[in-house]
Amino acid sequence: MAPLTQPLSIRIDKKSFPAVGGREQHLVLKGIAFDVEPGSFVVITGPSGCGKSTMLNIIAGLDEDYEGAIDFGVDGNPRVAYVFQTPRLLPWRTVYENVALVLPDGDSRIANIPELLQRVGLSSEAAAYPEMISLGMQRRVALARAFVLEPEFLLMDEPFVSLDDPTAQALRELLVALCSRRPTTVLFVTHDRAESVMLATRILRLSEGSASIAQDVAVPLSVADRSSRAKVLAEQHRIFGDG
C-alpha cells in the first residue's frame, strides 16, 4: 500500500445529544476543525465529559448524527482500526481467534498473526481464552488485533486506563514499538497528561463544557527524551502548567 500523502481533515461544527427524560439538549462539541498529517501521533485530552470519546466515535464513523465532515484524504475506504477503553474480546474465542476475527477468511495477513503475537509477548497464550489471561494481556490482544489490519489510521480511546503504572507503561512502550515498525496515523484519547507527553507528536486539549479546541501544541521530544521521566515532566509543565 502506498504511503499516505494527504492529511486527515476533521470538521465538527456541532454535535448535540438530544433531550431525554426531562433533560435539555446537550451541546457536546462545537467549532472543531483541524488536520492530521500522515504518520503523526495526535493526542486528544481534556476534562472528563468534554467530548473526547464522542469526537473519536465521529471520526470512526460510529456516530453520524453531527454537523460537519470527516475526510480521510484517501481514495476509497480508509483502513481504520479502533482500540476501545475495554479490550472487547469475544470470550468464546482464543487469543489467536480474537486477533484473526477482524480479517476476512483467506486474507493473506492471517499469516502475520504468529509474528505479531510474538511481538506483543503472547505467543504462549495463543490458544488461551480471554478469561485465562490478565487485563494487561487482554490489552495486548487488542493492540495485536488493531495492527494485524495494517491500518492507515489507528484510533485509541483511553486504551490503558485502569491498569497499574508498570503495566500501562509497558503497553505504551509496546505501542511506540509497533508504530515505529509500521508507521500509522494515530488519534489517541486520554485524560492522563503524562501519557499525552510520552506518546504525542501533537496534543489537542479540549475545553470544559461544550468543547472546542483550547490548545493545539506540538511535542518536540525525541524518542530518547520520552523515556526520561525528568524530560517528560518538564514538557508536561510547559504544556499544562503542572507535572
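Readers should treat all values here as calculations from the given coordinates under stated rules, not as data from a laboratory. In this text the structure is predicted, and so the values were computed from the model without any measurement. Cβ coordinates were reconstructed from backbone atoms using ideal geometry, including for glycine residues, and neighbour counts include every protein chain displayed.
The packing ranking, built from the mean of other Cβ atoms within 10 Å per residue, places the peptides 125-138, 190-203, 100-113 in the order 190-203, 125-138, 100-113, highest first. Taking Rg and Dmax of the Cα atoms in Å as the quantity of interest, determine which of (i) 16.2, 45; (ii) 18.3, 58; (iii) 18.3, 53 was computed from the displayed structure. It is the value labelled (iii).
For the range 196-205, the Karplus equation 6.51 cos²θ - 1.76 cosθ + 1.60, evaluated at θ = phi - 60°, returns couplings of 4, 5, 4, 9, 7, 8, 7, 10, 10, 10 Hz by residue, with Gly and Pro reported as x.
Listed by chain and number, the aspartates and glutamates placed with their C-alpha closer than 18 angstrom to that of LYS14 are GLU24, ASP35, ASP63, GLU64, ASP65, GLU67, ASP71, GLU208; residues fewer than eight positions away on the same chain are left out. Here, the range 182-243 has an Rg and a Dmax of 12.0, 37 Å when only alpha carbons are counted. Summarised in one figure, the compactness ratio Rg/Rh of the range 90-149, Cα atoms and Kirkwood Rh, is 0.92.
Within the same chain, lysines fewer than 8 places from LYS15 are excluded, and of the rest, those with a Cα less than 16 Å from its Cα are LYS30, LYS52.
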